[in-house]
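Take a look at the structure set out below.
Every number in this text was worked out from the coordinates using simple rules, so none of it is lab data. Note that the coordinates shown come from a computational prediction; the quantities given were computed from them, not determined experimentally. Heads up, the Cβs are rebuilt from the backbone with ideal geometry, glycines too, and the neighbour counts pull from every protein chain shown.
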Amino acid sequence: QSALTQPASVSGSPGQSITISCTGTSSDVGSYNLVSWYQQHPGKAPKLMIYEGSKRPSGVSNRFSGSKSGNTASLTISGLQAEDEANYYCCSYAGSSTWVFGGGTKLTVL
Amino acid sequence: QVQLQESGPGLVKPSETLSLTCTVSGGSMSSYYWSWIRQPPGKGLEWIGYVYYTGSTNYNPSLKSRVTISVDTSKTQFSLKLSSVTAADTAVYYCARGVSGPGVFDYWGLGTLVTVSS
């Protein structure tokens, strides 16, 4: 069970859109529509932003959206805001009732 | 509002057992999965394992030989024991609730830093 692969960092200007990728294998991301995304500000606990690939919990802005193609899941943030600057982690079901996180992506709002 | 709070020693000696408890308030433990997740300083998240409210468990294969997670619904608590710790187990340990499946963590504790050092 290896960690999912995310870019170490992405950046964008306010108002722009960015996409963070999360690449796994046919044993995890590719086989199940069970990817979730978490936002973590420094020193804080993670916050659920997307689950089951593209569903948003109540209270999460519709600027956040999720998708999947093959073994890669993606998180897109549109209308980038300063408060979106944080670390983002994907998490996928990996079979046999186990779960695996990605390495994390630091989003910088320029 | 559901709240989770981790508690336990902040310092553990190498080769000893790390023990943490998560106390759940503001909601029932029934029908949910209860997980432990850790984050070494400056690094990413690692899923440790979960316990269902019925007591059934599952663990990260890389930690399985050293981990035990248990639940006490009468106290609305669940616990983590990690044996034979080394410096590599130094991390912030979070407890979290799993909804819509064990891997969808909608409520988290604030986290507690556990340092392994003599």
Review point. A:Lys106: which lysines have alpha carbons under 27 Å from its alpha carbon, excluding same-chain residues fewer than 8 sequence positions away?
Key: A:Lys44, A:Lys47, A:Lys55, A:Lys68, B:Lys43
Practice item. Partner chain Cβ atoms within 10 Å, averaged over the residues of B:64-70 - can you pull that number for me? Key: 0
Point to revise | Length released on extending from B:Ala87 to B:Glu16, taking residue separation times 0.36 nm less the Cα-Cα span | key: 24.4 nm
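Expressed in whole Å with the largest first, what are the equivalent ellipsoid semi-axes of the protein assembly as shown derived from the C-alpha gyration tensor as the square root of 5 times each eigenvalue? Let's see the in-between values first.
Values: eigenvalues 162, 70, 61 Å².
Ellipsoid half-lengths, sorted descending, are 28, 19, 18 Å.
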Practice item. Work out from phi, with θ = phi - 60° and the Karplus expression 6.51 cos²θ - 1.76 cosθ + 1.60, the ³J(HN,Hα) of each residue of segment A:46-51, listed in order in whole Hz, and give x for Gly and Pro. Key: x, 10, 5, 10, 9, 9
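Need one value for A:51-61: mean number of C-beta atoms belonging to other chains within 10 Å of its residues' C-beta atoms.
Mean inter-chain Cβ contacts per residue within 10 Å come to 2.
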Review point. What's the exposure ranking of A:Asp84, A:Asp28, B:Asp106, B:Asp72, going from fewest to most Cβ atoms within 10 Å?
Key: B:Asp72, B:Asp106, A:Asp84, A:Asp28
Review point. Cα to Cα, under 17 Å, and not fewer than 8 places away if on the same chain: which aspartates and glutamates meet these conditions relative to B:Lys64?
Key: B:Glu16, B:Glu46, B:Asp89
**Study point:** Nearby lysines by direct alpha-carbon distance to B:Lys13 (threshold 18 angstrom, same-chain neighbours under 8 apart not counted)
**Key:** B:Lys81
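Average partner chain C-beta neighbours within 10 Å, per residue of B:106-113? Let's see the in-between values first.
Values: counts 6, 3, 7, 1, 3, 4, 0, 0.
Counting Cβ atoms of other protein chains within 10 Å of each residue's Cβ and averaging gives 3.
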Point to revise | Fewest-first ranking of B:Leu45, A:Leu110, using other Cβ atoms within 10 Å as the exposure measure | key: A:Leu110, B:Leu45
Practice item. Output ³J(HN,Hα) for segment B:41-57: one whole-Hz value per residue in order, computed from phi by the Karplus curve 6.51 cos²θ - 1.76 cosθ + 1.60 with θ = phi - 60°, and x for Gly and Pro. Key: x, x, 10, x, 7, 9, 6, 9, x, 9, 10, 7, 4, 7, x, 6, 10
Point to revise | Cα centroid separation - segment A:40-82 against segment B:1-43, whole Å | key: 24 Å
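Let me know the whole percent of all Cα-Cα pairs from chain B that are separated by more than 21 Å. Working shown, then result.
On the way: 2044 of 6903 pairs.
Of all Cα-Cα pairs in chain B, 30 percent lie more than 21 Å apart.
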Revision key, fill the gap. Under the Karplus relation with 6.51, -1.76 and 1.60 and θ = phi - 60°, whole-Hz ³J(HN,Hα) for segment B:26-32, x at Gly and Pro, equal x, x, 7, 8, 5, 6, 10
Review point. In which sequence would B:Tyr32, B:Tyr53, A:Tyr38 go, from the one with the fewest C-beta neighbours within 10 Å to the one with the most?
Key: B:Tyr53, B:Tyr32, A:Tyr38
Exercise for review: Using amide H atoms built 1.01 Å from N in the peptide plane, name the residues 5+ places from B:Asn60, or on other chains, whose amide H lies under 5 Å from its own.
Suggested key: B:Gly49
Exercise for review: With just the Cα atoms of segment A:47-110, tell me how far they stretch along each of the three principal axes, in Å, largest first.
Suggested key: 40, 24, 22
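Rounded to the nearest 20 Debye, what is the dipole magnitude of chain B about its Cα centre when Lys and Arg each give +1 and Asp and Glu each give -1 at the C-beta? All intermediate terms of the calculation are to be shown ahead of the outcome.
Working: 8 positive and 6 negative charges, 29 e Å.
Here the size comes out at about 140 debye.
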